[in-house]
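Participant: Could you have a look at this structure, given as structure tokens, before my questions?
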Amino acid sequence: MTTDVIISVKDLEKHFNDGELKALRGVSADIHKGEVVVVIGPSGSGKSTFLRCLNLLELPTKGKITFEGVDITDPKVNINVHRQKMGMVFQHFNLFPHMTVLRNMTLAPMKLLKKSKKDAEEKAMGLLKRVNLENRADAYPSQLSGGQKQRIAIVRALCMEPEVMLFDEPTSALDPEMVGEVLDVMKRLAKDGMTMVVVTHEMGFAREVADRVLFMDEGQIVEEGTPDEIFSHPQQQRTKDFLNKVL
Amino acid sequence: MIFEQWWEAIQPALQSNTLNFWQTIYKEIYLNVIKEGRWLNYLQGLGKTLEVSVFAILVGLFLGTILAILRLPEIKDMNARGKGGLKQVGAAIVRFLSKIAGGYINLMRGTPLLLQVLLINFGVFGSIRIEKIIIGVIACGLNSAAYVAEIVRGGIMSVEKGQTEAGRSLGLSGFQTMMYIVLPQAAKSALPAMCNEFISLIKETSVLSYIALTELTKAGDYIRSRTFSAFTPYIVSGLLYLIVTLTLTTLIGKLERRLRNSDH
């Protein structure tokens, strides 16, 4: 069991404003290779903070995060090396507006993986083809729709050939008619065996794609289980209340 | 030469003190611009003004960007992760440099440029033979850096935090993220204010006439001392300043439009 654990989180705590706000109050979880873990919960429950701690965009206050056997909370660890293997997709896409789509995708592989321009572009074009955007390679982000932007953001992360993909509410900033195209890309990614941690409000996606669902509230994991366990037979009152509100 | 012929032509009127309006204007132009090749004095002055300005802008941009980065909140309150002794010392040094940068900006913005020029000319380089142009570049560059720093800092802070996070999440270092992602976007939003600063700098190089650098203002002043015309030499210098600053405004305006078209 421990051999295929890719991320292991132990007693993670994150405080803001000198402890005034405790966003995470002791979270422990293991993410296994090839697993799709969906994190749900009300806003302010700490689920985004939890995700952002996984690649240290937020520095944990306490606790330990092990990625591929390395404790990345250790200050001696060069986090940049490990982040290369953890792709991240943001709610607001965060494409680089001053670069073309292709340049967005090739920048990091060329600078970090020392790929030649040709290799990086080949890889990028292949990925663009997979999300049906190969004809937008020379466009600037401002010329794209929200759904297109998010698909580009996903393949930009994939260009680094990550081991894990982290999704921080990837469809929350999208117009409703564009949610589907982004979720489709994510579903295909899951089918291809990518390890994914997804924070989302899309319960349909969670039910369909997740191997495991974590329900968070007030900085803790209240309940976890298979989608069927969580959605059809929730044990905790807080889970029931939340699902009643959103379903 | 046609100018000489015209000059001859107005001699009778000049002698009898009956110059009409156009003849008076021609007299002024002839004496202050054409006679003895005086236009060359202006052009040489303009050359020095441009030389000082260009290099001072470069010094200001380079130093100002470093100062701006030192003044960013992340740097100002830098804390070493963990308890490694060396890292703690490093963070303390960075915090100290940030304070120095803040003090420098306040000092340079809070005292007159003329005073700084005099201090550098007579104080710092008082006993060293050094070209006035170099003194001008150093003084104006150091001064401009303080203003550029605030402009660049504003530009950097106008770039969304998500851009930095996206860069870092791909594995880029803080420095790489700054160079490839944040600064190019910061430069774009800082461009109008930067244009202002360049124009100010070009005009303010005129204080270098105080240390006997024959730049454009000093050139006009020199002509006045030869011809005793109180208006014309200064107006000629002024027009040349205008040509330079308006050209710069137009060029930067074009650049702005080009940048706007390429992305949003």
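Participant: Of the residues that make up region B:145-152, is at least one over 30 Å from residue B:213 (Cβ atoms) and part of a helix (DSSP H, G or I)? Outline the logic, then answer.
Facilitator: Of region B:145-152, the ones over 30 Å from residue B:213 (Cβ atoms) are none.
Within region B:145-152, not a single residue is over 30 Å from residue B:213 (Cβ atoms) and part of a helix (DSSP H, G or I).
Participant: Further question: Scan A:120, A:153, A:173, A:124 and give me the residue that is within 29 Å of residue B:173 (Cα to Cα), surrounded by fewer than 22 Cβ atoms within 10 Å (Cβ to Cβ) and in contact (Cβ under 8 Å) with a residue 12 or more places away in the chain.
Facilitator: Testing whether each residue is within 29 Å of residue B:173 (Cα to Cα), surrounded by fewer than 22 Cβ atoms within 10 Å (Cβ to Cβ) and in contact (Cβ under 8 Å) with a residue 12 or more places away in the chain leaves just A:173.
Matching residues to (1) hydrophobic (A, V, I, L, M, F, W, C); (2) at pLDDT 95 or above; (3) assigned to a helix (DSSP H, G or I):
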| site | (1), (2), (3) |
| --- | --- |
| A:39 | yes, yes, no |
| A:44 | no, no, no |
| A:50 | yes, yes, yes |
| A:73 | no, no, no |
| A:76 | no, no, no |
| A:80 | no, no, yes |
| A:94 | no, yes, no |
| A:98 | no, no, no |
| A:106 | no, yes, yes |
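Participant: Something else: Search region B:182-199 for residues being more than 13 Å from the chain's Cα centre (by Cα) and more than 9 Å from every other protein chain (Cβ to nearest Cβ), and hand back the single one that is surrounded by the fewest Cβ atoms within 10 Å (Cβ to Cβ). Even if it seems obvious, please write down each step before you answer.
Facilitator: Applying the first criterion (more than 13 Å from the chain's Cα centre (by Cα)) to region B:182-199 yields B:182-192.
Retained after the next criterion (residues that are more than 9 Å from every other protein chain (Cβ to nearest Cβ)): B:182-183, B:186-187, B:189-192.
Numbers: B:182: 22, B:183: 19, B:186: 23, B:187: 18, B:189: 17, B:190: 22, B:191: 17, B:192: 13.
Result: B:192.
Participant: Kindly state which helices (runs of 4 or more DSSP H) lie completely within region A:138-247 and contain at least 3 residues that are in contact with a Ser or Thr (Cβ under 7 Å, 6 or more places away or on another chain). First the steps, then the outcome.
Facilitator: Values: elements: A:146-158, A:176-191, A:203-209, A:227-232, A:237-246.
In region A:138-247, A:176-191 are the helices (runs of 4 or more DSSP H) which contain 3 or more residues that are in contact with a Ser or Thr (Cβ under 7 Å, 6 or more places away or on another chain).
Participant: Looking at residue B:157, is it within 30 Å of residue A:109 (Cα to Cα) and more than 14 Å from every other protein chain (Cβ to nearest Cβ)?
Facilitator: Numbers: within 30 Å of residue A:109 (Cα to Cα): yes; more than 14 Å from every other protein chain (Cβ to nearest Cβ): yes.
Yes.
Participant: Residue by residue through region A:137-148, note down the ones that are within 17 Å of residue A:107 (Cα to Cα), within 14 Å of chain B (Cβ to nearest Cβ) and surrounded by fewer than 22 Cβ atoms within 10 Å (Cβ to Cβ). Before the answer, list the steps.
Facilitator: Initially, region A:137-148 is screened for residues within 17 Å of residue A:107 (Cα to Cα), giving A:137-141.
With the extra rule that they be within 14 Å of chain B (Cβ to nearest Cβ), the set shrinks to A:138-141.
Result: A:138, A:139, A:140.
Participant: While we're here: Scan region A:52-71 residue by residue and report those that are assigned to a loop (DSSP other than H, G, I, E, B), surrounded by fewer than 17 Cβ atoms within 10 Å (Cβ to Cβ) and touching an Asp or Glu at 6+ places or on another chain (Cβ under 9 Å). Spell out the reasoning first.
Facilitator: So in region A:52-71, the residues assigned to a loop (DSSP other than H, G, I, E, B) come out as A:55-61, A:68-69.
From what is left, the residues that are surrounded by fewer than 17 Cβ atoms within 10 Å (Cβ to Cβ) are A:59, A:61, A:68-69.
The answer is A:61, A:68.
Participant: Moving to a separate point now. Of B:179, B:157, which residue is touching a residue at least 60 places away in the same chain (Cβ under 8 Å), within 26 Å of residue A:79 (Cβ to Cβ) and more than 14 Å from the chain's Cα centre (by Cα)?
Facilitator: Values: B:179 fails: touching a residue at least 60 places away in the same chain (Cβ under 8 Å).
The unique qualifying residue is B:157.
Participant: Do the conditions hold for residue A:49, that is, is it closer than 30 Å to residue A:223 by Cβ and either in contact with a Ser or Thr (Cβ under 6 Å, 6 or more places away or on another chain) or in contact (Cβ under 8 Å) with a residue 24 or more places away in the chain (or both)?
Facilitator: On the way: closer than 30 Å to residue A:223 by Cβ: yes; either in contact with a Ser or Thr (Cβ under 6 Å, 6 or more places away or on another chain) or in contact (Cβ under 8 Å) with a residue 24 or more places away in the chain (or both): yes.
In short, yes.
Participant: Any residue that is more than 14 Å from chain A (Cβ to nearest Cβ), over 22 Å from the mean Cα position of the chain (by Cα) and surrounded by fewer than 12 Cβ atoms within 10 Å (Cβ to Cβ) - is there at least one of those in region B:102-113? So that I can check it myself, show each step before the final result.
Facilitator: Start the filter on region B:102-113 by keeping residues that are more than 14 Å from chain A (Cβ to nearest Cβ), which leaves B:102-113.
Cutting the leftovers down to over 22 Å from the mean Cα position of the chain (by Cα) gives us none.
No; the residues of region B:102-113 include none that is more than 14 Å from chain A (Cβ to nearest Cβ), over 22 Å from the mean Cα position of the chain (by Cα) and surrounded by fewer than 12 Cβ atoms within 10 Å (Cβ to Cβ).
Participant: I've got another one for you. Which pairs have Cβ atoms under 7 Å, sit 6 or more apart or on different chains, and link a residue in region B:103-122 that is over 16 Å from residue B:209 (Cβ atoms) and in contact (Cβ under 8 Å) with a residue 24 or more places away in the chain to one that is part of a helix (DSSP H, G or I) and among the β-branched types (Val, Ile, Thr)?
Facilitator: Qualifying pairs under 7 Å: none.
Participant: State the number of residues belonging to region B:7-56 that are part of a helix (DSSP H, G or I) and either surrounded by 16 or more Cβ atoms within 10 Å (Cβ to Cβ) or in contact (Cβ under 8 Å) with a residue 40 or more places away in the chain (or both).
Facilitator: Adding up the residues that qualify gives 24.
Participant: Away from chain A (no Cβ under 14 Å) and touching a Pro at 6+ places or on another chain (Cβ under 8 Å): does that describe residue B:250? Give the steps one after another, and end with the answer.
Facilitator: Numbers: away from chain A (no Cβ under 14 Å): yes; touching a Pro at 6+ places or on another chain (Cβ under 8 Å): no.
When the stated conditions are applied, residue B:250 does not pass them.
Participant: Looking at residue A:194 and the list (1) closer than 17 Å to residue A:31 by Cβ; (2) of a type in the set (A, V, I, L, M); (3) crowded, with 21+ Cβ neighbours inside 10 Å, which single condition is not satisfied?
Facilitator: Every condition holds for residue A:194 apart from (3).
Participant: Right, here's the next one. Sort out which residues of region B:160-173 are more than 7 Å from chain A (Cβ to nearest Cβ) and in contact (Cβ under 8 Å) with a residue 12 or more places away in the chain, and write them in order of number.
Facilitator: Taking region B:160-173 and keeping what is more than 7 Å from chain A (Cβ to nearest Cβ), we get B:160-161, B:164, B:167.
Those that are more than 7 Å from chain A (Cβ to nearest Cβ) and in contact (Cβ under 8 Å) with a residue 12 or more places away in the chain: B:164, B:167.
Participant: Still on this structure, I have one more. For the subset of region A:127-150 comprising residues that are in contact (Cβ under 8 Å) with a residue 40 or more places away in the chain and of a type outside the set (D, E, K, R), which member is nearest to residue A:90 (Cα to Cα)?
Facilitator: A:150
The values are calculated or read from the model by the stated rules, or taken from the named source; none is laboratory data. Predicted model, so just to flag it, every value in this text is computed and none were measured. Glycine gets a Cβ as well: all are built from the backbone with ideal geometry, and neighbour counts include every protein chain shown.
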